[in-house]
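Only one structure is covered here, and it is reproduced in the block below.
No value in this document is a laboratory result; all are computed from the given coordinates. All figures in this text were calculated on a predicted structure; none of them were measured in a lab. Glycine also receives a Cβ, built like all others from the backbone with ideal geometry; neighbour counts cover every protein chain displayed.
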Amino acid sequence: MISSANNDFARTRKIVDDVLLMSFPMRALGIDFRRNVTLLRLRDGRLVIHSSAPFSERDLGVIKDFGEPVWLVDATLMHDTFAKKGRAALIGPSYLAPDGFTKATGIPTAALFPPPSDWAGEIDVLRIDGIRTNEHALFHRRSRTLVVADLFFSFPRQMRGWPRFFVRHIMRLPRLFGVSVFFRRLMIRDKQAFMRSMNALLRWDFERLIVAHWEPIEKDAKEAVEQALRDGGFQCDGPQRPDSISLLEVTSDGGRVRRLAWTSEGIGLA
């Protein structure tokens, strides 16, 4: 059973200028796994709120002080725990989620993929193929920040006792970071499709990584991800451009030509 303490306010942590991390208590199996909510700010001040949580009035004040909340995102079918509470607190923003989320929660949502056109050039979305949870990863270009849900877990080195034992020996994460054994064995249904998505993810030039539970990685995140995939038995091709990519030149009203890159893994402005 998963529980949260409504009287515990979120811990906030500024990652970089346009990225704010809010961390909420989330207990299961005698362990506080934390629920991370990531605020991604666009250049015009509008916010993408990645993951729902039991937002208090104080939490909503923190969000609105950081920017204008326009989009609420749950990026995996597994993140329905706080969907109703999060949506009730944030009625105004558009609620984006993967296919199947509305059926699982009963909450109306819009499609997360392809991403809103307002995100063009600022936030890219990757649909992770070959898994049962329909997870999507987000990449905030300006801050070089990758945001995931349950693809990777990251726990603090100072964790001790039962939580540390559970992470290292039951989740099978001896480095306290990586792809959990539950994800590897229960969530991946097509390893080849999953690896194609991981290779696409590694083409993004990310320096930071924010996970849905516990500690972000604020430096050299790509190297950590490559190591975690190797630890999990996944061999990556490395950060290369896709062999097959379609470029569509689009001329705006102002006469400026933009190149839209469209691949099977994701969509973004080239």
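Tabulated data for the structure shown
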read-out	value
Spin-label pair E68/R230, simplified geometry with 7 Å Cα→Cβ offset, distance in nm	4.6 nm
Gyration tensor verdict on region 11-243 (Cα atoms; rounded if a/c is under 1.5, prolate if a/b is larger than b/c, oblate otherwise)	rounded
Amide H within-cut-off set for R46, under 5 Å, with H built and near neighbours excluded	E68
Computed FRET value (nearest 0.05) for R172 with A88, which takes r as the C-beta separation and R₀ as 41 Å	0.65
For region 169-180, 3J(HN,Hα) per residue [Karplus equation, 6.51 cos²θ - 1.76 cosθ + 1.60, θ = phi - 60°, Hz, x = Gly/Pro]	10, 9, 6, 6, 10, x, 8, 6, 8, x, 8, 5
Over region 11-243, relative contact order from alpha-carbon pairs under 8 Å, at least 6 apart, %	15 percent
Rounded, prolate or oblate (a/c below 1.5 giving rounded, otherwise prolate when a/b exceeds b/c) for region 89-146 by Cα gyration tensor	oblate
Pairwise label distance in nanometres, D99 with Q192, each label 7 Å out on the Cα-Cβ vector	2.0 nm
By average C-beta atoms within 10 angstrom, highest first, the peptides 144-154, 205-215, 59-69, 115-125	144-154, 205-215, 115-125, 59-69
Approximate spin-label separation R132-R160, in nm, with each point projected 7 Å along Cα-to-Cβ	3.7 nm
Links that overshoot a 31 Å alpha carbon limit, given the list K14/K222; K14/K84; K85/K219; K85/K191; K191/K219; K191/K222	K85/K219; K85/K191
